[in-house]
Amino acid sequence: MKESSYFKKLENLTFTDDYMFGEVLKDPEICAGLIERLLKIKVDHIEYPELQKSIKPTYESHGVRFDVYVKDSDKVYDIEMQNKDYSEILLRSRYYQSMIDADNLLKGHIYKDLPESFVIFICKNDPFNKGIPCYTFKTSCQETAINDKTDKTVKLFYNASAWDKSDDEELKSLFKFVCCNKAESSFTKTLLERMSLFNKKLTL
């Protein structure tokens, strides 16, 4: 029987377990490095990594708790690690996006002030069973191309189990690390070192 992450000993946690995932990404440099590899962009700085950020707009509304919620100067990123249960993942991403918008549009501000936002799910297995490494969802017009307009939202679902199909060596190594816990690139070795460091602190 697979050992539940809720009952794992701390020294047995891997990068895909919520607690370890959050601890590793507390490091702003590692967090920025992960985002840069996933999105192929340059992150100018991380304003704050916020782990397990909770948003609950009203008493009766359904709240959310993000795994890792970070910002740079003009973008917001929610990064989720998902090991199983993909049945409602699209609806979850829709709701998470709405909570990000509610959190970022303060009273008195206009819609133009909304930042570009990314909801990112790193999935250990294929969430849509199509066998590709990444599924990208953006809002588009069904009738005609409108290239100069955007709602500045992107939802990405990475299928780490398709690591061998990725053309990007950094992503291939990252996804293999997620699936097999094997560090073969300098970045994944840094992730493993951070995990080992954290485990050592726990045993002191």
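Exactly one condition in (1) farther than 19 Å from Val178 by Cα; (2) modelled with pLDDT of 90 or more is false for Glu47; which is it?
So the condition that Glu47 fails would be (2).
Please specify each residue of region 85-134 satisfying the condition of being of a type outside the set (A, V, I, L, M), open to solvent by 90 Å² or more (accessible area, probe 1.4 Å) and over 28 Å from Phe175 (Cα atoms).
Scanning region 85-134 gives Lys107, His109, Tyr111, Lys112.
Collect the residues in region 100-114 that are more than 20 Å from Gly22 (Cα to Cα) and of a type outside the set (Gly, Ala, Ser), keeping them in residue-number order.
Answer for region 100-114, where residues must be more than 20 Å from Gly22 (Cα to Cα) and of a type outside the set (Gly, Ala, Ser): Asp101, Asp103, Asn104, Leu105, Leu106, Lys107, His109, Ile110, Tyr111, Lys112, Asp113, Leu114.
Mind checking whether some residue in region 81-93 is of a type in the set (Gly, Ala, Ser), part of a helix (DSSP H, G or I) and at pLDDT 85 or above?
Looking through region 81-93, at least one residue is of a type in the set (Gly, Ala, Ser), part of a helix (DSSP H, G or I) and at pLDDT 85 or above.
Of all residues in region 71-91, which are out of contact with any strand residue (DSSP E or B) (no Cβ under 8 Å at 6 or more places or on another chain) and among the charged types (D, E, K, R)?
Asp72, Lys84, Asp85, Glu88
For region 151-195, which residues satisfy the criterion of being hydroxyl-bearing (Ser, Thr, Tyr), touching a Pro at 6+ places or on another chain (Cβ under 7 Å) and without any contact (Cβ under 8 Å) to a residue 60 or more places away in the chain?
The answer is Ser166, and nothing else.
The values are calculated or read from the model by the stated rules, or taken from the named source; none is laboratory data. Predicted model, so just to flag it, every value in this text is computed and none were measured. With ideal geometry, Cβ positions are generated from the backbone for all residues, glycine too; neighbour counts draw on all protein chains shown. Areas reflect the complete protein model, heavy atoms only, side chains present, ligands, DNA and RNA absent. Shrake-Rupley method; radii C 1.70, N 1.55, O 1.52, S 1.80 Å.
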